[in-house]
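Some notes on the structure that comes next.
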Amino acid sequence: MPSKLPSSRLVYDGASLSLEFYVTSSGAVPAEEWLEQLPRAIQQKFAALFARMGDTGKIWNERKFKHLTETDQIFEFKVEADRILCFFFVGRRLILTHGFRKAGDKTPKCEIERAETYKQEFEERRKHEKTVR
């Protein structure tokens, strides 16, 4: 039986993009849950990046936002050692999957795989939501 939960929840609705938290089929919201446990100052820096991305559709500074090479179109927002992974979706949407603290130079493969799994689940649920309506 498919989940009745929405597949995402709006974070920021800008002129260029809407940013949304991915909601798992069990109702968890990994990016939001992770973000909420960070210090307020870090949360505010992420919020500023989300607003800039939503309003302009771009962040040119790769130290703040970049595509992760060798991924299925996964990107990361960066504030100090903290990361939130995301992907673009049809209709000017940017879906925030989850966050983590980066320890080394490279983004851990398990975090990329987690984002790619969430992306596949999101796309599958969206397909189903469209056919049900």
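If you filter segment 4-20 down to residues that are touching a residue at least 12 places away in the same chain (Cβ under 8 Å) and assigned to a strand (DSSP E or B), you find that the one that is surrounded by the fewest Cβ atoms within 10 Å (Cβ to Cβ) is ASP13. If you check LYS127 against the conditions, is it on the phi < 0 side of the Ramachandran plot and either free of Cβ contacts under 8 Å to residues at least 24 places away in the same chain or open to solvent by 50 Å² or more (accessible area, probe 1.4 Å) (or both)? It is true that LYS127 is on the phi < 0 side of the Ramachandran plot and either free of Cβ contacts under 8 Å to residues at least 24 places away in the same chain or open to solvent by 50 Å² or more (accessible area, probe 1.4 Å) (or both). Filter segment 60-79 down to the residues that are farther than 22 Å from GLN120 by Cβ and not aromatic (Phe, Trp, Tyr) and list them by number. Selection gives ASN61, GLU62, ARG63, LYS64, LYS78, VAL79. Residues that are of a type in the set (A, V, I, L, M, F, W, C), in contact with a Lys or Arg (Cβ under 8 Å, 6 or more places away or on another chain) and within 16 Å of VAL79 (Cβ to Cβ) within segment 28-60 comprise LEU49, ILE59, listed in sequence order. Residues of segment 1-59 that are under 17 Å from ASP82 (Cβ atoms) and either touching a Pro at 6+ places or on another chain (Cβ under 6 Å) or acidic (Asp, Glu) (or both): GLU32, GLU33, GLU36.
The values are calculated or read from the model by the stated rules, or taken from the named source; none is laboratory data. In this text the structure is predicted, and so the values were computed from the model without any measurement. A quick note on method: Cβ atoms are made from the backbone with ideal geometry, for glycine too, and the neighbour counts reach across all protein chains shown. What goes into the accessible areas is simple: the full protein's heavy atoms, side chains included, and nothing from ligands, DNA or RNA. Shrake-Rupley method; radii C 1.70, N 1.55, O 1.52, S 1.80 Å.
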